[in-house]
Amino acid sequence: MDLHLGDWADAEGDRIVATLCDWLRIPSISAHPDRAGDVRRSADFTAAMLAAAGLEHVEVLETAGLPSVYADHLHAGPDAPTVLVYGHHDVQPVDPLEEWASPPFEPVLVNGELRGRGAIDDKGQTLFQIEAVRGLLAAGRLPVNVKFVVEGEEEIGSPNFEALLEAERERLACDVIVVSDTDMWAPDVPSVCVGMRGLVAFGVELRTAKADLHSGLFGGAVPNPAHLVARLVAALHDGDGRVTVPGFYDDVRPLTPAEDASMATIPVDEDAWREMAGVARLEGEGGRSLLERIWTRPTCDVVGIAVGYAGAGVKTIVPAHGRFTVTFRLVPDQHPDTVEAAFEAWVRERVPEGVAVEVTRMGGVAPAMTPVDHPAMVALCRAVERVWGKAPLFTRIGGSGPEEALGRVLAAPVLYLGVALPDDRFHAPNERMVMDQFWKGLLAAGELFVELSLLG
Ligand SMILES: [Zn+2]
């Protein structure tokens, strides 16, 4: 079916770009408490855009933190599926400010890219969804029931979002969730994300003495927590880069043949990736490709160690306590609770008697995954293929976000319709939206609504 969305977007183009620029001028940095008023202003702006698009029941949703925004349009009939669109209206901090070619909250359009904080993450990607609905409503052709939830705290780890989902479970009920907050492999290599890794972190605290001891008087006869920390950290991986915690890999689900085949065709340039990372060599689990290491395999990284004295000169002590923090990135079907039990047992087994040890878990997000053969995923692939002219490859995201909670609490599959490009400078100076990707995203969002309506 010809949606005529392209003609509509051409006619409305100037207004849409002006709207995005107005939104980008609001410095809705959720990490800065003194910007809370701006995040509220951004929520109000979001609500006004949703209302102008023809959505109903528009409401700023208060939480224990910064507000999200809700809106819906539920007139496609009882047999039509209900699609929940997720986006976020808060943005990352802007430092280092001196690295921006133009001020972060004064958007400029240069060579077909709109530059400004939030252009791609996630105001631009949320706006093409809103405008796709607006265009279809203007033509009287919105074929699904649509709900929007636009979060205000995504960039600080969504601390209140799961509680919001629980509280609003009925209002947010849906058949499928569409998230536009991810990227594509390249403009001419369309791809869709099918899952995100989970995350769980632990602090390990060791205490060997009541207070630091003189290394001349006591050294050689008392336990040294720096040595203990080093031994534990070194023991986390074997010589082949594999995590040694027993059972760690037991729940890792193998890739399906379709995902395996798709991953094998992704044109990855390891040298370019290494240079982007700014490292001279790559490491990781033996026998695994770069993409497996960053997408589909679980990891363990020590993120910090604090023990003893490392200031100027020498302090002749045997320290009394030490700590390290470790993060595990998890893949389906690993679970933070299982990893917690295994890791804690692993630590306790290695700490000698007489040394006090405390393992503290921090956070925990389970991995998220939408099967590539799910009918909704097939619909997404069709929509992307229609706009980009090629079937998309399947990718994953190494990080984690609120998507797992969305899918779990609302019990619906999560689709990722993201148009960002790897060099759009997410979270970095000179963030941008390539506008050709924006217009394609708008068309693909419309096509996806049609494809989903055909699923019934
Ligand atoms: Zn984002």
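The values are calculated or read from the model by the stated rules, or taken from the named source; none is laboratory data. Model, not experiment: these values are computed from the prediction. As a convention, Cβ positions derive from the backbone with ideal geometry for all residues, glycine included, and neighbour counts pool all protein chains shown.
Regarding the stretch 273-286, can at least one residue be identified that is aliphatic (A, V, I, L, M), surrounded by fewer than 18 Cβ atoms within 10 Å (Cβ to Cβ) and at pLDDT below 95?
Within the stretch 273-286, one or more residues are aliphatic (A, V, I, L, M), surrounded by fewer than 18 Cβ atoms within 10 Å (Cβ to Cβ) and at pLDDT below 95.
Count of the stretch 10-63 residues, restricted to those that are in a loop (DSSP other than H, G, I, E, B) and not polar (S, T, N, Q), is 9.
Scanning the stretch 171-213 for residues that are out of contact with any strand residue (DSSP E or B) (no Cβ under 7 Å at 6 or more places or on another chain) and not in a loop (DSSP other than H, G, I, E, B) yields a total of 1.
Restricting the stretch 137-155 to residues that are within 22 Å of Lys123 (Cβ to Cβ) and out of contact with any helix residue (DSSP H, G or I) (no Cβ under 7 Å at 6 or more places or on another chain) leaves a set whose member that is surrounded by the most Cβ atoms within 10 Å (Cβ to Cβ) is Val149. Across the stretch 99-132, the qualifying residues are those that are part of a helix (DSSP H, G or I) and hydrophobic (A, V, I, L, M, F, W, C), and the one among them that is farthest from the ligand (Cβ to nearest atom) is Ala132.
Annotation note: Cβ proximity below 6 Å between a residue of the stretch 91-106 that is in contact (Cβ under 8 Å) with a residue 40 or more places away in the chain and under 25 Å from Leu66 (Cα atoms) and a residue that is in a loop (DSSP other than H, G, I, E, B) and of a type in the set (A, V, I, L, M) (sequence gap 6+ or interchain) occurs for Pro93/Ala31; Pro104/Val94.
Look through the stretch 44-98, keep the residues that are within 16 Å of the ligand (Cβ to nearest atom) and among the small types (Gly, Ala, Ser), and return whichever of them is farthest from Asn160 (Cα to Cα).
Gly87
For Glu155, the criteria (1) more than 16 Å from the ligand (Cβ to nearest atom); (2) assigned by TED's automatic domain parsing to the domain that holds Val372 hold in every case but one, which is (1). Is there a residue in the stretch 398-410 that is over 16 Å from the mean Cα position of the chain (by Cα) and either acidic (Asp, Glu) or at pLDDT 95 or above (or both)? Scanning the stretch 398-410, I find at least one residue that is over 16 Å from the mean Cα position of the chain (by Cα) and either acidic (Asp, Glu) or at pLDDT 95 or above (or both), so the answer is yes. Scanning the stretch 422-444 for residues that are modelled with pLDDT under 95, touching a strand residue (DSSP E or B) at 6+ places or on another chain (Cβ under 7 Å) and more than 14 Å from the ligand (Cβ to nearest atom) yields one hit, Pro422. Among the residues of the stretch 352-362, none qualifies, meaning not one is crowded, with 21+ Cβ neighbours inside 10 Å and touching a residue at least 24 places away in the same chain (Cβ under 8 Å).
Taking the stated definitions as given, is Asp333 exposed (fewer than 15 other Cβ atoms within 10 Å of the Cβ) and under 24 Å from Pro257 (Cα atoms)? So Asp333 passes the test. Of all the listed residues (Val233, Val222), the sole one being surrounded by fewer than 19 Cβ atoms within 10 Å (Cβ to Cβ), away from the ligand (no atom under 16 Å from the Cβ) and part of a helix (DSSP H, G or I) is Val233. With respect to the conditions (1) closer than 28 Å to Asp373 by Cα; (2) at pLDDT 95 or above; (3) under 14 Å from the mean Cα position of the chain (by Cα), Arg169 falls short on a single one, namely (3). List every residue pair whose Cβ atoms sit under 8 Å apart, with the two residues 6 or more apart in sequence or on different chains, where the first one lies in the stretch 272-286 and is of a type in the set (Asp, Glu) and the second, anywhere, is assigned to a helix (DSSP H, G or I). That search, which allows pairs on different chains as well, returns Glu285/Glu292; Glu285/Arg293. Only one of the numbered conditions (1) of a type in the set (Gly, Ala, Ser); (2) assigned to a strand (DSSP E or B); (3) surrounded by fewer than 24 Cβ atoms within 10 Å (Cβ to Cβ) is violated by Gly87, and that is (3).
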